[in-house]
Structure formats: structure tokens, C-alpha cells
Amino acid sequence: MQTKSRNCICQDTQRHFLRRAFDSLELEDAQRELLISSFRETRFSIHIMLRRNGGDILRTFQGYRVQHNHARGPFKGGLRYHPEINQGEIRALAQLMTWKTALIDIPFGGAKGGIAIDPAELDSWELEVLTKRFAQKMEPLLGVHQDIPAPDMGTNAQVMAWILEEYSKTHGYTPGIVTGKPVELSGSQGREEATGYGVACITRKVVSGMPLPIKDVRVVIQGFGNVGSHTARGLSKMGARIIALSDLKGAVYSEAGIDVEAAVSHVAQTGWLQGLDATEQLSNDELLELPCDILIPAALEAVINCDNAGSIKAKVIVEAANMPTTHQADTQLRERGVMIVPDILANAGGVLTSYYEWVQNLQEFPWEYESVMRRLEQRMLRVYGEVSHYADENQIDMRTAAYEIAIGRVSRAIQLRGF
Ligand code: GLU
């Protein structure tokens, strides 16, 4: 699928899911307008000199920060470094954050940002300079009670540390300005693995409703970055059988189950899953179509689409990535009785733990690892229960249920505050 069309597909998908929930809630046009429009969309040109082939060249990169809604609290959402991002995609992802923070009921709104760049093109020094310039440009938008970025695809705790440093130059040491920071710089214990661990907890809950013990449930995970690898580690510790994993180069498969810790060490040594002992090589497309009980897309958007929805054999899809299923695929799969645990529920463990990190920063009082993980698991399961209950009561799918709960909360906050 072409990238340009992937971005359009994401926006279409988001619009479609929202319309479904708006119609079901019978919202008027004015209410829809208030819920959809972005509070502010900012685009920056970021210039940097790069030394290439013995000479200096000036490169200009596009940076974005879309602040969608802050009716329930400060804007919150990650920064993505990826060559193919654009304003439309960031806008759709910012909206998704508004629904996600409302669904898990944390006092934040939604935002998203990033730079259109392949971070692998730059060395660490260049990345630091670029990030600090981006932070300078974003500075008027940010604030501990205004807008709090976090990591997303292509960024990590180190990138957050550079933003913290840049912001602190003019505001004094302000750890609460970003979440997903290194623990040594007031980051939270458990934030690194939080999204994947949350996905694992939700998956175990789904499995508890199946007539199979967890060790016999066949799980396939697409993507082995931060979210995919921690989902796999969490699930394998819970006793699940992970039969296939993949990264950008392709997939590895073993019907008997993959040793996930061996996969983590193999990737640490070689950079890729390819060549992992006791596994067969498959393509990413083949992985998605494997017969399995649970499929967990944990990479890019729109990977489950019209081209492959008909061939997907999983009984349940747990969306660890943001927007991995297009709306057409979603309709097809639901009609076939496939259960889909939507992204705004399944991967909310990341931003939930960002909230815990922010609270620890405001209180200047760090929590123990066990305390963070226990609260993470409890809240994820509670929200899963609320969404399932709402879906059953109203005879609707889990995605529409999750959107309806979230939209109801944002709508009420707008109404209470007046606009
Ligand atoms: N990037 C993550 C997400 O999409 C986390 C955002 C955050 O912690 O603010 O949910």
C-alpha cells in the first residue's frame, strides 16, 4: 500500500469510526463540529547543517504539533519521527489521543506531533541538535499544565531527555514537561514497558473468556519495536504461546512457540529477528494471514486493510498499534464475527503510565515499580470491563462502545466549561 494513500486511509478511517459513534449517540452537527476540530495546528521548519561527504549541507525538516482538544486537561500525546508523516496523519493521531485519555479517564486532552525524518539518517549528535531546535520551536506551546509530549514511533526516552534539557534552560528543571523520560531524570519506573504490558494484560483478559488455557492459545504479533517486544515478553511470562513475530525485514514462525527472551537477545546482537534459532522464515503478509487465535498488530497503521481482511484467520485482534485496521477491514471482520479490541483501549497503558509519571513529577515523589505496574494493570482491566459491559448492553462492537464512552466524557467537559 502506498504511503500517501496510507495517510489518507487513516484519516478516512478515523472519520468513519467517529461518524459511527456520533450517529449512534445522535449528536447534532454543532456538537460534532466542536468535538472534531483541532484547537491548534502548528507546523515548523527546522533547519540543520549536516556534514556529508566532506562538505556541509543545509537540510530543512518539517515539524508538527497538533493540539486537538483540552476540555478535560492539558494536551497530551507523543512525538513521532518518521519520514512519511504529514499534518493530516498527525491530526488524526491527535484526535485519537483525545479519545484515548478520555476513555481511560485521565485528566488530559489529546495532541500529537513529530518530525518528517528517518531518524536512522542522523547520528546521535545531529539528532540531539535537531530535537533541541524542535523543542525551541515548540516551547511556547508546551507547559506542565498546557501540553506534555511523550515518545512515539521513532522517538524514545533519550529524545525526551533532550526536550527536558532544552525546556529547562528557560524554565528551570521541569521534569513534568515530558513523560517517557529516562528514570535517572525523574522518569517513571515501568514506563518503557507500559504499553506492551498493558496490551498483554488485556489479551490475557480476553483469553480468560476462551475455552482454552493460555498455553494453548496461539498468538501472532506483528512488530517487534518497543510495543511489540514488551507485549511478547509480557504474554510469554503469562504462559502464552507466541507462534510468530515480525520486524521490518520479515517474520519468524514456530508452531511449538517462540522463545521470546531468545528473540530479544538475538535482536540485540544482530539487529533483526531473521535467523532466530528454531524458527522458519515468513513474510510480513504471510504472518498476518496465519491461522491463530489472537493477532496483535503492533507496528504501523492500516496494515489490516481491504487487501488482506478476507484472509485473516484470527478470532480476536488486539490493536497494540494506533489505527492498524482500516474501517472497511473493520466492517468485514466484524461481519465475520472477529472480535476487535480497539487501539484506544488496548494500547492505552502507555499514556496511562505517562499520567502516573506526570503525577510523580508534580508530587516530586517517585513510586516503586510494583506500585506503577499494579495500578496500570488494575486500571486497564477496569476500563476493559466498562467497555465490554457497555458494548453488551447496547449490542454494539467494542470500538463503537469505547468511542461512545470517550466522546460522552469529552462532550460533557466541553458543555460544563462552555466554549
Ligand atoms: N505515544 C503513545 C500513544 O500513542 C503515548 C503518548 C503519551 O504517553 O503521551 O499513546
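Just so you know, all these numbers are worked out from the coordinates, no wet-lab data involved. Note that this is a predicted model, so its numbers are computed, not measured. All Cβ positions, even for glycine, are placed from backbone atoms using ideal geometry, and neighbour counts span all protein chains on display.
So if I average 1/r over every pair of distinct C-alpha atoms in segment 331-419 and take the inverse, what Kirkwood radius in Å does that give?
Details: mean 1/r = 0.0662 Å⁻¹.
This gives a value of 15.1 Å.
Summed over qualifying helices (DSSP H, 4 residues or more, each -39500 (n - 2.57)) and divided by its residue number, the chain shows a 222 nm mean residue ellipticity of -15000 deg cm²/dmol. Among the GluC sites (Glu not before Pro) within segment 314-385, those in coil by DSSP and having at most 12 neighbouring Cβ atoms inside 10 Å are GLU364, GLU368. Straight Cα distances below 21 angstrom link LYS169 to the lysines LYS132, LYS137, LYS181, with same-chain residues fewer than 8 positions distant left out. Applying a DSSP loop filter and a limit of 13 other Cβ atoms within 10 Å to the GluC sites (Glu not before Pro) in segment 6-72 leaves GLU26, GLU28. Evaluating 6.51 cos²θ - 1.76 cosθ + 1.60 at θ = phi - 60° for every residue in segment 202-211, the Karplus couplings come out as 5, 5, 4, 5, 4, 4, 4, x, 9, x Hz, glycine and proline recorded as x.
Around the Cα centre of segment 124-199, unit charges on the Cβ atoms of Lys, Arg, Asp and Glu (plus for the first two, minus for the last two) sum to a dipole of about 160 debye. Legend: P(r) of segment 231-378 from all alpha carbon pair distances, 5 Å bins from 0, whole percents, reading 2, 9, 16, 19, 16, 15, 12, 7, 3, 1, 0.
Here the chain was treated as a single set of alpha-carbon atoms; its pair distances binned every 20 Å from 0 give 27, 60, 13, 0 percent.
Computed about the Cα centre, the dipole magnitude for the chain is approximately 780 debye when only Lys and Arg (+1) and Asp and Glu (-1) carry charge, each at its Cβ.
Look at the dipole of the chain built from charges on Cβ: of SER388, LEU34, ASN226, the Cα furthest out on the positive end belongs to LEU34. Over the C-alpha atoms of segment 57-213, the Rg to Rh ratio, Rh being the Kirkwood estimate, stands at 1.01.
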